[in-house]
Amino acid sequence: MKTEQSINILNSEIEGDKLIAAGDLTEAVHQFQEALHSYEKESQHTERARIHNKLGKLHGSIQDTENALSNYLQSLDIQRAHGSGADIINAQIAVGQFYQGLFLLSNSLEYFTTALDGAIQLNSSSLIAECRYSLGNCLNWMDRLDEAGEQLALALESQEISDGLRMRILGSSGILAYKQDRSSVALEFFKESLEINERTSNNQNFKTSVLKSMGMAYFLENEKEKALQCLADAMSMANDRTDLGTLTTIHEHYSKIFESTGDYKIALDHLKKRIELADILLGENEKLKTRELQKRFDIAESQREKEIYRLKNIDLVEANEEINRQKAELQTKNKHITDSLSYAGRLQRAVLPSVNELDELLQESFIYFQPKDIVSGDFYWFTEKDDRLLIAAVDCTGHGVPGALLSMMGNNLLNECVLKEGLIEPAAILENLNQRTKSLLQKQGANFTANDGMDVAICSIDKKNGYLSFAGAHRPLFMIRNGELVETKGSRISIGGYSDYHAGFQQHEIAIEDGDAFYIFSDGYPDQFGGPDNRKFMTKRMKEFLESTATVSLSEQFILLKSELDNWRAGREQVDDILVIGFRP
């Protein structure tokens with residue numbers, strides 16, 4: 001039997017739902033927060049998680065991304081502590097979908113992949129299908145089309161999917177087919193998804209999104225009138241909801257259609273409108289670029305109108321063809337550069353050892369590796385030699401291409417030091433690595449400076465005798481013992497760096513006790529900017545966070561480390577490669 005207190009709490013939640021329907025979102029937040037406070041007093045964990053999830057959606061709808069993400073993550077934390085496997089998976093999907101809405105697709109991909117692994121372990125067909133749809137849709141956004149098609153096809157094959165999920169899978173499959181230049185197939189998917197939507201939920205957001213994509217599919221099928229009708233219907237619905245993102249895309253589609261038919265004035269009007277809307281959606285740091293584009297299009301419009309008046313479109317067509325030719329040429333060059341970098345990134349990742357291998361060699365471990373660019377200046381390295389397990393975290397000068405070149409060199413040199421020279425003591429390895437790096441950088445014609453080189457933290461673990469040896473080149477070792485963090489500093493010289501005095505690298509010996517956790521890392525994690533004052537996260541805050549999460553498993557701590565930094569950055573650009581290695585011997 002429900003108590004008077006629980007009825008009052010439920011009434012607050014119901015009132016919040018009513019306020020959302022009425023459009024009073026600020027008061028709805030207040031009602032949900034009151035309900036949440038009461039649920040916390042009553043220790044009603046399922047209800048707390050549900051309210052945090054609702055607050056996440058609500059803050060997201062009013063563009064308060066920081067509070068939205070905070071609530072989604074709190075809902076996930078509660079489910080991990082008190083919820084069922086299915087509850088955890090649904091919370092992971094919610095976080096992934098939020099990141100996807102911010103176009104932080106690598107974050108989304110990680111949550112969706114983890115959710116799918118959990119659903120497969122639960123052997124829940126409906127959850128597996130939901131996760132495969134979310135993963136496939138994310139891969140579709142990332143233009144990883146073959147992988148997206150595989151996941152969406154598997155989701156559609158499931159016998160236990162609702163009409164709502166089937167509708168969403170078909171919609172995403174239509175967009176995939178459209179991207180693959182299979183516009184007739186895309187139209188079939190879109191039509192079937194709209195039929196389900198009309199028969200069941202009549203979701204106007206979904207209908208708007210599908211009609212927007214159908215417009216371009218019809219256009220590619222040379223059915224211009226149907227294309228324009230779909231876009232007109234989509235625009236009407238998007239205007240009703242002030243859906244700026246969808247309106248931006250619709251104007252872009254209109255511009256492409258009218259440009260292809262020679263209606264350049266109308267095409268340019270839509271392109272200008274698309275830019276105006278995009279300017280509203282972009283962050284302040286992107287507005288300068290948008291204004292520059294607007295200026296260029298204004299100039300182009302003026303020139304085109306003069307040409308229309310003077311030459312009755314003849315020269316305008318030729319000018320437009322030249323613009324399109326140059327645009328295509330630039331796109332081709334950019335694609336070649338990106339493809340080359342992607343291939344270099346795959347090569348770089350191929351030389352890294354498998355994270356799963358480290359899990360098999362230790363009680364617990366994680367490797368948090370998140371490059372800033374396609375290729376990375378940070379890398380991790382580990383190997384076994386003479387009953388020792390050696391682990392290193394390496395931070396090369398810079399990031400991107402210069403850092404990646406140094407990292408490939410550093411990986412090869414580490415292998416030579418240990419596997420060829422037979423060195424297993426960290427200080428000796430660093431000394432040998434330093435000499436080899438200097439020799440390579442000093443080769444005739446090499447363009448190097450005193451700052452070129454690597455910062456390294458390296459450990460040698462003797463599990464048989466129960467001790468760990470550590471040496472560092474400008475990088476420390478953190479150890480958590482009995483809930484307290486102890487720092488062992490590295491030597492104050494970089495590998496390949498130049499100084500007037502070098503007394504060698506100091507080696508530290510630590511007797512391992514049960515429960516000890518060790519961490520080596522590059523400077524990327526503490527150097528990320530964020531927080532209310534847009535400052536660096538800092539090493540001190542990292543230490544405090546590691547101490548505060550010392551009681552959880554390392555796999556959980558890995559997720560919390562990522563969440564903490566994501567919350568800190570709050571969508572800001574990543575400024576350096578990130579590498580953190582945690583392990584219990």
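The values are calculated or read from the model by the stated rules, or taken from the named source; none is laboratory data. Because the structure is predicted, anything quoted here is derived from the model rather than measured. All Cβ positions, even for glycine, are placed from backbone atoms using ideal geometry, and neighbour counts span all protein chains on display.
Please list, ordered by first then second residue, the pairs with beta carbon atoms under 6 Å, 6 or more apart or interchain, first in segment 49-76 and farther than 15 Å from residue 32 by Cα, second surrounded by 21 or more Cβ atoms within 10 Å (Cβ to Cβ).
Partner pairs satisfying both residue conditions: 76/91; 76/95.
Before we move on, is residue 162 under 27 Å from residue 221 (Cα atoms) and of a type in the set (Ser, Thr, Tyr)?
It is false that residue 162 is under 27 Å from residue 221 (Cα atoms) and of a type in the set (Ser, Thr, Tyr).
Given the conditions (1) outside any loop (DSSP other than H, G, I, E, B); (2) in contact with a helix residue (DSSP H, G or I) (Cβ under 9 Å, 6 or more places away or on another chain); (3) surrounded by fewer than 18 Cβ atoms within 10 Å (Cβ to Cβ), report the number of the one that residue 542 does not fulfil.
Going through the list (1) outside any loop (DSSP other than H, G, I, E, B); (2) in contact with a helix residue (DSSP H, G or I) (Cβ under 9 Å, 6 or more places away or on another chain); (3) surrounded by fewer than 18 Cβ atoms within 10 Å (Cβ to Cβ), residue 542 breaks only (3).
Given the condition among the basic types (Lys, Arg) and modelled with pLDDT of 75 or more, answer yes or no: does some residue in segment 435-443 qualify?
Yes; the residues of segment 435-443 include at least one that is among the basic types (Lys, Arg) and modelled with pLDDT of 75 or more.
Consider residue 79 carefully, then state whether it is touching a Ser or Thr at 6+ places or on another chain (Cβ under 9 Å) and crowded, with 22+ Cβ neighbours inside 10 Å.
yes
Residue check: is residue 254 in contact (Cβ under 8 Å) with a residue 40 or more places away in the chain, surrounded by 14 or more Cβ atoms within 10 Å (Cβ to Cβ) and in contact with a helix residue (DSSP H, G or I) (Cβ under 7 Å, 6 or more places away or on another chain)?
Judged against the criteria, residue 254 is not a match.
Inspect all residues belonging to segment 510-522 and state whether any of them is under 30 Å from residue 373 (Cα atoms), touching a Pro at 6+ places or on another chain (Cβ under 9 Å) and without any contact (Cβ under 8 Å) to a residue 40 or more places away in the chain.
Looking through segment 510-522, none of the residues is under 30 Å from residue 373 (Cα atoms), touching a Pro at 6+ places or on another chain (Cβ under 9 Å) and without any contact (Cβ under 8 Å) to a residue 40 or more places away in the chain.
Residue 537 - would you say it is closer than 21 Å to residue 104 by Cα and in contact with a Lys or Arg (Cβ under 8 Å, 6 or more places away or on another chain)?
So residue 537 does not fit the description; no.
Quick one: is residue 565 more than 22 Å from residue 66 (Cα to Cα) and buried (at least 18 other Cβ atoms within 10 Å of the Cβ)?
no
For the condition touching a helix residue (DSSP H, G or I) at 6+ places or on another chain (Cβ under 9 Å), modelled with pLDDT of 90 or more, under 26 Å from residue 113 (Cβ atoms) and polar (S, T, N, Q), what is the one hit in 193, 158?
The match here is 193.
The rows are residues; the columns are (1) modelled with pLDDT of 95 or more; (2) over 24 Å from residue 524 (Cα atoms); (3) assigned to a strand (DSSP E or B); (4) not basic (Lys, Arg).
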site: 427; (1), (2), (3), (4): yes, no, no, yes
site: 448; (1), (2), (3), (4): no, no, no, yes
site: 451; (1), (2), (3), (4): no, no, no, yes
site: 459; (1), (2), (3), (4): yes, no, yes, yes
site: 465; (1), (2), (3), (4): no, yes, no, yes
site: 478; (1), (2), (3), (4): yes, no, yes, yes
site: 486; (1), (2), (3), (4): yes, no, yes, yes
